[in-house]
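These notes concern the structure reproduced below.
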Amino acid sequence: MIVGVLNQRGNKSPDENVASVMPRAWLARLAACGLVAAASMALAPLAAEAATTERPKVKIVKVKKGSKVLFESDRMTYHRRRNVVVALGNVQLYYGPYALRADRIQWDRNRDEVIARGNVTFRDATGNLVSAPYAILVDEFREGFLRSVEVIFTNDAKLAARTAERHDGNITILNKAVYSPCKVCEDNPEKAPLWQIKSVKVTHDQAAKTVYYRHAWFEFFGQPVAYLPYFSHPDPSVKRRSGFLLPRFRYSEHYGGGVTTPYFWNIAPNKDITFSPTFTTRHGPLLDMEWRHRTRTGAYMIKPTGIHEFNFYGDDTGVRKWRGSIETHGKFELNRNWNWGWNGWLVSDDTFLSKYGLSSASDLISNVHLTGVSGRNYFNGEVIHFRGLLSTDSQSTTPLVHPVIDSSIIFDDPVMGGTLGLDSNLLSMTRETGADVHRASTNLHWSRTITDGLGQQFTPFVSLRGDIYSTSHLTATSGTDNVARVMPAIGLEYRWAFARMHDWGGETFTPIAQIIARPNETRMTRISNEDAQTVEFDTLNLFSKDKFHGLDRMEGGVRANMGFLYRLDHNSGAFADLVFGQSFHLAGRNSFGVDTGLEHRRSDYVASLTLSPFSWLSMSSRLRVDPKKLKLNKHEFDLTASSSWLWTSLQYTRLAAQPALGSTAIREEISAYSKLKLHENWSVLGSMRYDIGNKEPVEESLGLSYEDECFLTTFKVENTYRRDRDLSKDLKISLAVTLKTLGESSVGTTANRVK
């Protein structure tokens, strides 16, 4: 074996030995001409949606000047008179990230011609691998020819061409080319892949960064299914380019058949527009446009949609009306601690978005916000507009919030060895009909945790809360009422953790006791309760200092909370978490109403259990039980299982009747989603949501999916049962097909049935 090293300049020694006459930066020039890189780019991103999809940029790596060219071969000869170098047997050359191998390489230095024969393979800087039995390069490698080319991309997709030609150092032409990302059948290599593209000629223009195809056939299972005389797409170095995207097809009983033909307009590197008109057979064109703009400090988008409904075939009603929406979002940084932004919606009517499949939301929230975070300190201010989209929502009683401001400050310096903080809130909200509320609230709080030599933790805490309200039209006959209230609190929390280790793992048991004393809650009838109307008593707020979620209500009197935490860990990774406890009202007026689980001196029992016996299985259950009758007032159960052949999620919720809160019947619901792998490529998909209390389904779906390395198809049947004005039960049947590396297209049908 002969091994040699050549620097980038290719300086020769006085005796002009064999190693010194190897090509000057031979591989550098090969990389510069980009023959293989061009072949790699020719069909790597065939997706018609490449205009909006970022892809790895293919570029020629510039190797540092002076880098060495390393080579080795079994035998090497130099013909001095003809000025020709010939390397034979396992020839390997390395230059930076590039590598070339062949059985034989001949370099004619006078003609500047390189000929490689036998098992020629080249690995470029991006990892793509090109192989051919024969290659010839001339004119400083600006012109070239390869025979029987095969390219294996980094995503395992393959391109084969009868010949490849290089012209002017910029144009690569592949003749009789075939592209497919599908694996070759091991038992029958001659068998056609699942799908492939055959083209008479593929041209890659590096200057225009575009790949062009002439006379291309799309084949499935070896059979041609579609012919395109001409099409083109950007090469992988292009992140964004204007052009049409793949069309989408759909059908609905409401608007009939529809086809969406998106067009992407790349205005600038930081701004673009996507036009997505949908042409429907019953109501004409649905216009949909999305504008996106990224600035130096943030980004925003604006998406208007609209349709002038009519019927091409004529209808009995003769109704013609405009329907539409505008959606916009934005977020910008002011500095490292502050940002601001907005979310905005305008809709012509409540059912437009659901009717045309633009959104399934039941309410729309528009806001403008300002947020600041610094260490443990926090500030957020926003103006909020709510719009309910259900028939039961009343826009006249829906509030406009202008603004709501929350701030939390934790002082850096300890006070009496503890932590001192200040929470503040400012709220102003008005309605067309109902109460107008203006509120200012502040809460000064202090706590300190003390641990003794036995590991017992004592946490004393105190707080002083003050509120000022100005409420108008609280009742139909009332005017403006100004109210001030002050609520001090003092308490102590006790914890003592006991840990025990075993050969199989460990366990920890932690009893917790907490007592809080306050004056009675006052002036409740003079304050509009906007944010504390419901109380969800469970283990999550068992040891909360105030179990009301909002600020309009506060716990009063003396209350004790008691319970324990238990944790078990197995060496295998399995674990169990158990929380159990109860709350006791000891003195004063009880602030909690009926059906909350806290209305009696002894509250309901609350418990939660999380089990994970295996890494692929997790279960959790949360209970609230009446202590006298042992009646189950609330039960929530979640299960998640994930393995190589099954993924499933199950949720169950049961709430007892709560007449005081407006619920006169038991509310019980179950929902699930599963994906079961039947075979290496086949899966069954299913989901459901069922209202057990009303004995009716909410939504359900069943599907069958096939997926391999190059193809994905899903057949799905869906039922939705939402009824609201012009919305009715909806049956959808869809078939989605994805050719990986090409994009996605789908066809489907929708039929509405009214019982």
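Every read-out reported here was derived from the displayed coordinates using simple, explicitly stated rules and does not represent laboratory data. Since we're looking at a predicted model, the values are computed, not measured. All Cβ positions, even for glycine, are placed from backbone atoms using ideal geometry, and neighbour counts span all protein chains on display.
Remarks
- Annotation for the stretch 540-621: chymotrypsin sites (Phe, Trp or Tyr not before Pro) lying in DSSP loop with at most 16 further Cβ atoms inside 10 Å of their Cβ are Trp616.
- When the alpha-carbon atoms of the stretch 454-519 are used, the pair Rg, Dmax equals 22.6, 72 angstrom.
- With N as its number of residues, the stretch 269-416 has a Cα radius of gyration that, divided by 2.2 N^0.38 Å, comes to 1.42.
- Sorting 398-410, 628-640, 84-96 by average packing, meaning the other beta carbons within 10 Å per residue, from highest down gives 84-96, 398-410, 628-640.
- Summed residue charge, Cβ within 12 Å of Glu636's Cβ, Lys/Arg positive, Asp/Glu negative: 0
- Backbone phi angles across the stretch 188-195, fed through the Karplus curve with coefficients 6.51, -1.76 and 1.60 (θ = phi - 60°), yield HN-Hα couplings of 9, x, 7, 5, 5, x, 4, 8 Hz in residue order; Gly and Pro are listed as x.
- Debye equation applied to the C-alpha atoms of the stretch 76-218, log10 I(q)/I(0) at 0.11, 0.17 Å⁻¹: -0.48, -1.05
- For Asn170, residues with placed amide H under 5 Å, excluding near neighbours: none
- FRET efficiency, Lys198 to Glu113 (Cβ-Cβ, R0 35 Å, nearest 0.05): 0.65
- Likely footprinting exposure, Glu680, Glu290, fewest C-beta neighbours within 10 Å first: Glu680, Glu290
- Trp496 paired with Asp74, simple spin-label distance in nm, labels 7 Å along Cα-to-beta-carbon: 8.3 nm
- Ratio of the Cα radius of gyration of the stretch 591-647 to 2.2 N^0.38 Å, where N counts its residues: 1.57
- Gain upon complete extension [Trp342, Asn175; 0.36 nm per residue less C-alpha separation]: 54.8 nm
- The ellipsoid that matches the Cα gyration tensor of the stretch 336-433 has semi-axes, each √(5λ) in whole angstrom, of 37, 16, 11, with the longest given first.
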